[in-house]
Amino acid sequence: MNKHHRTLELDKILALLAEHCACADARALALALAPESSLALAQALLFQTRDAHMLLARFGGPSFGGLENVSNALRRAQAGGVLSLRELLEIAQVLRVLRGIATWREGNAGVETCLDALFGGISPNRYLEDMINGAILSEDRVADHASPALAELRRKIRQQENNVRSRLEQLTRSPLYGKFLQENLVTMRGGRFVVPVKAEHRGEIAGLVHDSSASGATVFIEPMGVVEANNEIKLLQGKEREEIERILAAISAEVGSFFEPIQASYACAAELDLIFAKAKLGYDMKAAVPQLNGRGELFLQKARHPLISKDRVVPVDLELGLGFDALVITGPNTGGKTVSLKTAGLLCLMAMCGLMLPAGDQSRVPVFGQVLADIGDEQSIEQSLSTFSSHIKNIIEILSVADGRSLVLIDELGAGTDPVEGAALAMSLLEELRRKGAKLAATTHYAELKAYALETTGVENACCEFDVATLRPTYRLLIGVPGRSNAFAISQRLGMPEEVVTRARALASGEDLRFEHVIAQLEERLRQAELAKEETLALRSQAQAALSAAEQTKEAAARQMEKALEEVRAQGRRIVEQAKREAYALAGELDRLKKEKDTVKDVADLARRARAAVKKGVEAMEAASDPVRGQFVPAAGEAYTLPRALRTGDRVRLADLGIEGEVLSPPDAKALVEIQAGALRLRSKLEQVRLLGEAQGQTPHQTRRRTVPPPKSGEAADRISPASETRLDLRGQSADDCLLELDRFLDTALRSGLHEFTVIHGKGTGVLRKAVQGYLKSSPFVKSYRLGVYGEGETGVTIVELHQEQ
């Protein structure tokens, strides 16, 4: 790795990246990653990381576990070699991982990314995967069903082994031979079945001796009666090995035929493993995707050094190439100057490697041709190099290669020698590097360089803030302000005798003291400006939040109003339909009376009935066209007194809004009533509430809704629309009267096409409820009926459902 990159600790970042890779080849690619000096290539790498980061956030990542390099085995198979069981299982595992990656991508195929070409390069091979897994059970076992011949051979082997074992077990149980055996068991030696015989009785059992125990007390003899059977097993086992070899050769040949697609798919998968590792590293660092440019503009917002703990690191804002091309950073030691330099250089290298940066999402990073750094002490006793000499050697090397696409970072510029000469040399180096067009950031303690930055166009001062009150650095980088050494203040705070500090101030030149005083004033003004900026941003954020909340409230109110208007429109349509139905019913009644005029003897009675029908029909139409009037509710502004106290569940109308609703809670101490009107939930003054169904001074029985008498069968039935009423109030009537009223209402409902209505019988003693439900139970026109639930009237009402006409 480039020593400048190692100086900026890029190698440690790449090691962190490698830890997120599942595949060994991907880890190798991560450790070998080099910054791209081409803007197009660097952007392509960063776009890949961005899309992988998005896929991780939305779908989780694909699994790369088990992905291994099987190139050697694939090449041997392609060349005609026979692969081992282990090698074939490893290839099957790689095929399974490749199939899993492809399946994962198919599951979120609706999202297009710049990774689609790599995903498209992965070719799953379920055929070959199943062939290997179906034939091989483990690293030392081929499945019986790998081929019919193998299954048959193993069946014969098992049969022959059982036969031999059975014969030997008979021998061990034999009274004649059992006493010669060391143990009554059958074992194997050299792949042949034998029995353990006592050494002193070896001649009692005829057979072949295959082994003896370590003590010599036992010999393992193969009885002559099973020698031929054992020979047959050996022959079958030889054939079994030949068949397995043939199976492995066939599978290896099939694997070799797929060498190129498997190799290409593996390469794509390893590349994807690296890209998703970059995205995972970005998640760990809470990083963002920077904006790359080729103009040399570096703007880091709230940048954090990725190798410092998140709990300890202090974000810095740093810019270069925006109005100035050289930045001179000053301030006390341990104040964060070197960390700022390393943060700038390391984040540039990370962006050029396609990595996300631990910085704000508005950060801008240029793509440099090279990043050159002289940071740290490289003195060498063996090479007779002092601190100054080692720095100068590095700077000479940097001067020889720096150009207009270089970022140069130098720590302690001109240090290690006489301050006057060192400062002069430092200014000369700054001028030379600027002449070459390089972007430059350097740290120093020289006051001459502070003055140089103040006087030179294109060179800017910066300092690491230091809190004199606590003697601790804040690690904040302030652009545009030269730093102070704070030597006098620090010495005095640490306990230096006051007379010594006073004498030191007197010995210091007046010009230096005035310069330090001006710097102190600048720092104070900058601090106040930062505080004012933070307050402004906070107020702006609050204003934006308030504006957003107001807009949301406005939108919600508009949606509620639209719902309310829609309910009003729907109610208007229902009123019109109701008026039409009443008109149709009136016309039907008049037609019926007209047809009766020739058959009725009492003409006066007929006229009286006609006038009554007309009057009743007109009243019904007026009630339908004006629901407020029809429900005995005075309009807004008229004198109105509630006939009784409001109760939860009462239907009411709001006179000022003209909408109906249901009472959710009785009036509170402020005479406000909570009402649910469709989708609206509101509170209204009690004086605007009109109780529906009960007029001033009237009892519920007096205000009961009445139905229009239905026309008889065959009389103008075709002109009757759906029923205009859906509620029948029977409270206060006798059981006989209520059944007559219910019968007339049911007839009207059937002729009008009504499918469901509500009968109000009250709770009381239950006499009316039993009479109503007894009638409904016997009616062939009633499909079902039930008591009401909460909000419908509970046990005080019965909900009736009628059979629908086909």
Using only the Cα atoms of the stretch 151-257, what do you get for the radius of gyration and for Dmax, in Å?
17.8, 63
Placing unit charges on C-beta atoms (Lys and Arg positive, Asp and Glu negative, everything else neutral), compute the dipole magnitude of the stretch 296-436 about its Cα centre in debye, rounded to 20.
520 debye
Which entries of K302/K393; K337/K439; K3/K393; K554/K670; K278/K302 show an alpha-carbon separation above 25 angstrom in the structure shown?
K302/K393; K554/K670
Local net charge near V782, Cβ-Cβ under 13 Å (Lys/Arg +1, Asp/Glu -1):
-1
Express in Å², to the nearest 10, the accessible area of R86 obtained by rolling a 1.4 Å probe over the protein heavy atoms while all chains stay in place.
120 Å²
Starting from the amide H of R476, placed 1.01 Å from N in the peptide plane, find each other amide H under 5 Å away whose residue is 5 or more places distant or on another chain.
E465
In whole angstrom, the spacing between the Cα centers of the stretch 295-371 and the stretch 545-572 equals 49 Å
Could you sort C114, C348 by accessible area so the largest value comes first, with the probe set to 1.4 Å?
C114, C348
Count the net charge of all other residues whose Cβ sits under 12 Å from the Cβ of K436, scoring Lys and Arg as +1 and Asp and Glu as -1.
0
Rounded, prolate or oblate: which one fits the stretch 67-211, using the alpha carbon gyration tensor with axes a ≥ b ≥ c (rounded when a/c is under 1.5, else prolate when a/b beats b/c, else oblate)?
prolate
Kindly state, to the nearest 0.05, the FRET efficiency for Q544 paired with E228, given R0 = 56 Å and r defined as their beta-carbon distance.
0.05
Under a 1.4 angstrom probe, counting protein chains only, how are H145, H445 ranked by accessible area, largest first?
H145, H445
Checked the stretch 727-800 with the C-alpha gyration tensor, a ≥ b ≥ c its square-rooted eigenvalues, rounded below a/c of 1.5, otherwise prolate if a/b is larger than b/c and oblate if not; verdict oblate
Compute, for Y177, the solvent-accessible surface of its heavy atoms (probe 1.4 Å) with the complete set of protein chains present, and express it in square angstrom to the nearest 10.
80 Å²
Projecting the Cα atoms of S123, L74, A146 onto the charge dipole of the stretch 34-162, where Lys and Arg contribute +1 and Asp and Glu -1 at Cβ, the residue farthest towards the positive end is A146
May I ask for the net charge around Q362, where only other residues with Cβ less than 13 Å from the Cβ of Q362 are counted and Lys, Arg are +1 while Asp, Glu are -1?
-2
Counting only protein chains, not ligands or nucleic acids, how are T765, T726, T172 ordered by accessible area (probe 1.4 Å), most first?
T765, T726, T172
Counting only C-alpha contacts under 8 Å and six or more residues apart, can you give the relative contact order of the stretch 41-114 as a whole percent?
42 percent
Residue-span extension gain [I396 to S779] - 0.36 nm each, minus C-alpha spacing:
126.8 nm
For a quick check: with amide H placed at 1.01 Å from N, whose amide H comes under 5 Å from N293's, ignoring anything fewer than 5 positions away on the same chain?
V365, V367
Considering amide H positions built from the backbone, and no H for Pro or chain starts, which residues 5 or more places from M188, or on another chain, come under 5 Å of its amide H?
V194
With a 1.4 Å probe and all protein chains kept in place, how much accessible area does E687 have, in Å² rounded to the nearest 10?
130 Å²
Which three extents, in whole angstrom, do the alpha-carbon atoms of the stretch 11-135 cover along their principal axes, largest first?
48, 36, 23
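The values are calculated or read from the model by the stated rules, or taken from the named source; none is laboratory data. Remember, predicted model here, so these are calculated numbers, not experimental data. Methodologically, a virtual Cβ is constructed for each residue, glycine included, from the backbone with ideal geometry; neighbour enumeration extends over all protein chains shown. With ligands, DNA and RNA removed, areas are computed over all heavy atoms of the protein, side chains included. Shrake-Rupley method; radii C 1.70, N 1.55, O 1.52, S 1.80 Å.
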